[in-house]
Amino acid sequence: MNPSGKRRPRPAAPVEPAPVDPLDAEAAARLPAELRLGTSSWAFPGWTGIVYAEKASREQLSRAGLTAYARHPLFRTAGVDRTHYAPLSAAQFRAHAEQVGSDFRFLVKAHEALTIHRYPDHPRYGRRRGAENEMFLDVDHAVRAVIEPMLEGLGEKAGPLVFQVAPQDLRPLGGAAAFIDRLHAFLGRLPRGPLYAVEVRNRELLGARYAAALQDAGAVSCLTALSRMPALPEQWRASAAAEGRALVVRWMVHRGHTYESAAEQYEPFDRLVEEDEETRRAIVNLAAAAARAGKPCYVIINNKAEGSAPLSVFRLARAIARELGDSPEAAGAPCR
């Protein structure tokens, strides 16, 4: 027990990685060092035999699975999604950082309170549901609750910080242009150094004004594969992503599904249920272009994209390696 008399939680049992397919190891060796592929979180028991050697509970994987995950040569990043719902402390971030190697980078989602001007009418918001949000685009909250703990806890292992802008009615804010102007001012006041990425879920925000705001603030557009959003190449063009200092892509949900319907059909996420060749080919092209330009590239894949995020990573990695096979200028240092 600790001095307070409370029983300390028992350390989670070690989690061993599954064997790596030689084809995946070969693809990893051929990919540029600045190209990082990974998944949204890592605590999925259905990944037994794919990522983890033996069956483990979600709790065990959440606490101890990251070390095994990061030992796979193709997993050089991972999404920290829980920060979207509540910020993590520096100590919690540090616990993640201590489980991975020096070359690993985390993609962190910023607290959702920063990007919604009114709390949705949903039970999980309790007394705040439907109320105006005082923390909307609040720089002080972003710095104190999100950026400083992330940098202190992750250090050099901090990758992109993604501000996910939920779909919302922009009219109370003055419309899309007014929202973009406020976003621009917010980004411009954040500390310099981290890679800030903005992921919008309102189609009307995409365009020249949005692209110019991000470029002026030194931020990038996080391209997201969702049914409600245009296809990735259209987002890439509309946000002038080619001009950004990095490429950030999140392959979230199969275009024929909602998040809920995909989860229902795809669980336990142990196989590819519905492959999405169109989206995969788009990501291959975008990632290859970023590699040829010598830019960092982060691609995060969700289980709801095709059925099993790690299997999607493996397919994607092999395809990118083939695409870059005849491009000597893209062959940077190997992943491992």
Within the stretch 211-245, restricting to residues that are surrounded by fewer than 24 Cβ atoms within 10 Å (Cβ to Cβ) and of a type in the set (Ser, Thr, Tyr), the one that is nearest to GLU156 (Cα to Cα) is THR224
**Message:** Tell me whether the stretch 267-282 contains one or more residues that are in contact with a strand residue (DSSP E or B) (Cβ under 6 Å, 6 or more places away or on another chain) and either under 20 Å from GLY79 (Cβ atoms) or in contact (Cβ under 8 Å) with a residue 24 or more places away in the chain (or both).
**Reply:** yes
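A quick yes/no check of all residues on (1) out of contact with any Asp or Glu (no Cβ under 7 Å at 6 or more places or on another chain); (2) in contact (Cβ under 8 Å) with a residue 24 or more places away in the chain:
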{"residue": "PHE136", "(1), (2)": "yes, no"}
{"residue": "ARG144", "(1), (2)": "yes, no"}
{"residue": "ILE147", "(1), (2)": "yes, yes"}
{"residue": "LEU154", "(1), (2)": "yes, yes"}
{"residue": "VAL162", "(1), (2)": "no, yes"}
{"residue": "VAL165", "(1), (2)": "no, yes"}
{"residue": "LEU173", "(1), (2)": "yes, yes"}
{"residue": "PHE179", "(1), (2)": "yes, yes"}
{"residue": "LEU183", "(1), (2)": "yes, yes"}
Note on the stretch 78-102: residues in a loop (DSSP other than H, G, I, E, B) and surrounded by fewer than 14 Cβ atoms within 10 Å (Cβ to Cβ) are TYR85, ALA86, SER89, GLU98, GLY101, SER102
Residue hits (the stretch 117-151; touching a strand residue (DSSP E or B) at 6+ places or on another chain (Cβ under 8 Å) and among the β-branched types (Val, Ile, Thr)) are VAL146, ILE147
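To keep it simple, each residue is scored yes or no on (1) closer than 27 Å to ARG82 by Cα; (2) outside any loop (DSSP other than H, G, I, E, B); (3) in contact (Cβ under 8 Å) with a residue 60 or more places away in the chain.
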| position | (1), (2), (3) |
| --- | --- |
| VAL253 | yes, no, no |
| HIS257 | yes, no, no |
| SER261 | yes, yes, no |
| TYR298 | yes, yes, yes |
Filtering the stretch 46-65 down to residues that are under 23 Å from the mean Cα position of the chain (by Cα) and buried (at least 17 other Cβ atoms within 10 Å of the Cβ) yields GLY46, TRP47, ILE50, VAL51, TYR52, GLN60, LEU61, ARG63, ALA64, GLY65
Determine if the stretch 125-144 includes at least one residue that is under 24 Å from PRO268 (Cα atoms) and of a type in the set (D, E, K, R).
-> no
Look at ARG237 and say whether it is in contact with a Lys or Arg (Cβ under 8 Å, 6 or more places away or on another chain), assigned to a helix (DSSP H, G or I) and not polar (S, T, N, Q). no
Of the residues in the stretch 186-195 that are closer than 15 Å to ASP138 by Cα and free of Cβ contacts under 8 Å to residues at least 40 places away in the same chain, the one that is nearest to the chain's Cα centre (by Cα) is LEU187
Inspect the stretch 179-193 for any residue being touching a Phe, Trp or Tyr at 6+ places or on another chain (Cβ under 8 Å) and among the small types (Gly, Ala, Ser) and give the result as yes or no. no
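What tally of residues in the stretch 143-177 results from selecting those that are outside any strand (DSSP E or B), under 30 Å from PHE104 (Cα atoms) and of a type in the set (Gly, Ala, Ser)?
Applying the first criterion (outside any strand (DSSP E or B)) to the stretch 143-177 yields 143-157, 166-177.
Now narrow it down to the ones that are under 30 Å from PHE104 (Cα atoms): 143-157, 166.
This time we only want the ones that are of a type in the set (Gly, Ala, Ser), so: 145, 153, 155, 166.
So the answer is 4.
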Looking across the stretch 103-142 at residues that are charged (D, E, K, R) and assigned to a helix (DSSP H, G or I), the single one that is farthest from SER221 (Cα to Cα) is ARG127
Can you find a residue in the stretch 50-69 that is farther than 20 Å from PRO14 by Cβ, without any contact (Cβ under 8 Å) to a residue 40 or more places away in the chain and of a type outside the set (Lys, Arg)? no
Filtering the stretch 263-296 for residues that are assigned to a helix (DSSP H, G or I), of a type in the set (Lys, Arg) and closer than 22 Å to TRP42 by Cβ leaves a count of 1
By residue number, the members of the stretch 188-219 that are of a type in the set (Asp, Glu) and within 18 Å of ALA177 (Cβ to Cβ) are GLU204, ASP216
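Since every read-out is calculated from the coordinates, none of them should be taken as a lab result. Computed from a predicted structure; not experimentally measured. Neighbour counts run over all protein chains shown; Cβ positions are idealised from the backbone, glycine included.
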